[in-house]
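These notes are about the structure you will find just below.
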Amino acid sequence: MSQDRLEPLSAAASPETAHDGAARRVSAVGGVSADEPLRPLAIERREPGARDVVIEIEYCGLCHSDVHMVRGEWREVEYPLVPGHEIVGRVSEVGADVTAFGIGDRVGVGCLVDSCRTCEACRDGLEQFCSGNEQGAGVGTYGSVDYRNGGGRTQGGYSQAIVVDADYVLRVPTSLDAASAAPLLCAGITTYAPLRRAGVGEGTRVGVVGLGGLGHMAVKLAKAMGASVTVFSRTDSKADDAGLLGADHFVVSSDPDAMAAARQSLDVVIDTVAAPHELDPYLATIARDGRLVQVGLPADPMPPVNPRILAAQRVSYTGSFIGGIAETQEMLDFCAEHGVSAQIEMIGADEINEAYERMVAGDVAYRFVLDIATLPEPESLEAGAGARLS
Ligand SMILES: [Zn+2]
Ligand SMILES: [Zn+2]
């Protein structure tokens, strides 16, 4: 078991960064190959340019996509790879042209750190759909080519600091707890955006399939928007939790009678399950002109949908993918106004591999957050395997 865990880490961990000319070394936790456990690494962050913000990271949420990415399950990735795109911290430096942020501000970074800014999607404030220009396209927070900053690979938030263009930095209202706000940057916006797009408000009947990291946020956000919420889960083991999160109804999806009773009772269903599953039973719960929005993204195809179910009540089957920068800010402000944040379990750096196993097993209520103060000092670490790091 010991090789699945990180070596014990030294207790003294200040978020100070070490300056050494053109870049600064910070400590991080990341993967060095597809099949080895995560481990402490030292990475380099660029010196801030005129438009950049330096963020001393306090907390980073663990997203299921981190596991898929670092294990190379979605696509081939370059190592070392430091995951993490649910980042909350404090501004420690700003570039000369940055006016929106000052030192000490609490800020966040989600799934994007850059995009082309000129394509139709970027002009519409939908940077997550950036189609790019001659220079490049959208830049993910980790594992993407950072073409505007030397062409190295971006490295994510399981690290002491990050340097990000101010246009991609979010303000995190201080009324929100910093640690439980971190998952809003991915799980929050992923569920907020489709609820908003569907016009969810007072009295809308919302269904949520699966009560995990995404599902629990969908319940809280839909309730805060004034909806009545039905949770679908395979067993009744999460019925009490669903009620505590604010759900009005709970349906055991493996029970055909319970599913039949829910027929045509909902306006919007948010499907958060990231494994292939039959959709027809959920499509049948949707009333005329309603929609099922897929936000859980299985690696394998889903079973086919029966078009008759779609036609019979003009039901739409659609998807949604995170959100743009402006909408992510709107979501954070909405969460502050309504007191919404994630249910979290805080972990230290030495627990990260165990947390990954528990995420894969679905054993988390409902989001792990890494306490960045538990990372070791960069001086005690080897540089990350000679790769160019941005
Ligand atoms: Zn994510
Ligand atoms: Zn673009």
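Values in this text are rule-based calculations from the coordinates and carry no lab data. These figures come from a predicted structure and were not determined experimentally. Ideal geometry is used to build each Cβ from the backbone, glycine not excepted, and the neighbour counts take in all protein chains shown.
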Computed from the beta carbon distance with a Förster radius of 35 Å, FRET efficiency for ARG234 and ARG308 to the nearest 0.05 stands at 0.90
Could you pull out the trypsin sites (Lys or Arg not before Pro) across segment 281-390 that fall in loop regions by DSSP (anything but H, G, I, E, B) with no more than 15 other Cβ atoms inside 10 Å?
-> ARG314, ARG388
Between the Cα axis of helix 325-338 and the main Cα principal axis of the chain, the angle (0 to 90°, nearest 10) is 70
Taking amide H positions as placed in the peptide plane 1.01 Å from N, state which residues far from SER92 in sequence (5 or more) or on other chains have amide H under 5 Å from it.
-> VAL54, ILE55, GLU56, GLY104
Per DSSP H run of n ≥ 4, the term is -39500 (n - 2.57); total these for the chain, divide by its residue number, and report the mean residue ellipticity at 222 nm rounded to 500 deg cm²/dmol.
-> -5500 deg cm²/dmol
Separation of alpha-carbon centers, segment 221-237 and segment 288-321, rounded to whole Å | 18
For segment 304-360, what D do you get in µm² per second when you plug the Kirkwood radius from alpha-carbon pairs into Stokes-Einstein at 25 °C and 0.890 mPa s?
-> 154
Radius 10 Å from Cβ of GLY136, net charge of other residues (Lys, Arg +1; Asp, Glu -1) | -2
How far apart, in nm, are two points set 7 Å out from the Cα along the Cα-to-Cβ line at ALA373 and at TRP74?
-> 3.1
With x for Gly and Pro, the residue-by-residue ³J(HN,Hα) of segment 143-149, computed from phi through the Karplus equation 6.51 cos²θ - 1.76 cosθ + 1.60 at θ = phi - 60° and given in whole Hz, is x, 10, 6, 8, 5, 7, 10
Along segment 309-314, Karplus-curve 3J(HN,Hα) (6.51, -1.76, 1.60; θ = phi - 60°) to the nearest Hz, with x for Gly and Pro, reads 5, 5, 5, 4, 10, 6
Rounded to the nearest whole number, the per residue volume of the convex hull around the C-alpha atoms of the chain in Å³ is 142
Once the Cα atoms of helix 213-224 and of the chain are each reduced to a long axis, what angle between those two axes, in degrees from 0 to 90 to the nearest 10, is obtained?
-> 70
Which whole-number percent is the relative contact order of segment 206-253 (Cα, under 8 Å, 6+ apart)?
-> 40
Over 18 Å, how big is the tail of the calculated P(r) for segment 187-319, in percent of all Cα pairs?
-> 48
Per residue, what volume in Å³ does the Cα convex hull of segment 124-222 take up?
-> 150
Could you give the longest part of the chain that holds none of the GluC sites (Glu not before Pro) found in DSSP loops with at most 14 neighbouring Cβ atoms within 10 Å?
-> 279-381
Rough spin-label spacing in nm, given labels placed 7 Å along Cα→Cβ, for ARG117 and ASP363 = 4.7
Spatial separation of Cα centroids for segment 106-178 and segment 35-90, in angstrom = 12
Relative to the longest principal Cα axis of the chain, at what angle does helix 187-197 sit, 0 to 90 degrees, rounded to 10?
-> 50
For segment 327-369, how big is the tail of P(r) above 17 Å, as a whole percent of Cα pairs?
-> 46
For ARG51 paired with ASP97, estimate the spin-label separation in nm (one decimal), with each label point 7 Å from Cα along the Cα-to-Cβ line.
-> 0.6
Looking only at chymotrypsin sites (Phe, Trp or Tyr not before Pro) in DSSP loops with at most 15 other Cβ atoms within 10 Å, what is the longest site-free stretch of the chain?
-> 75-320
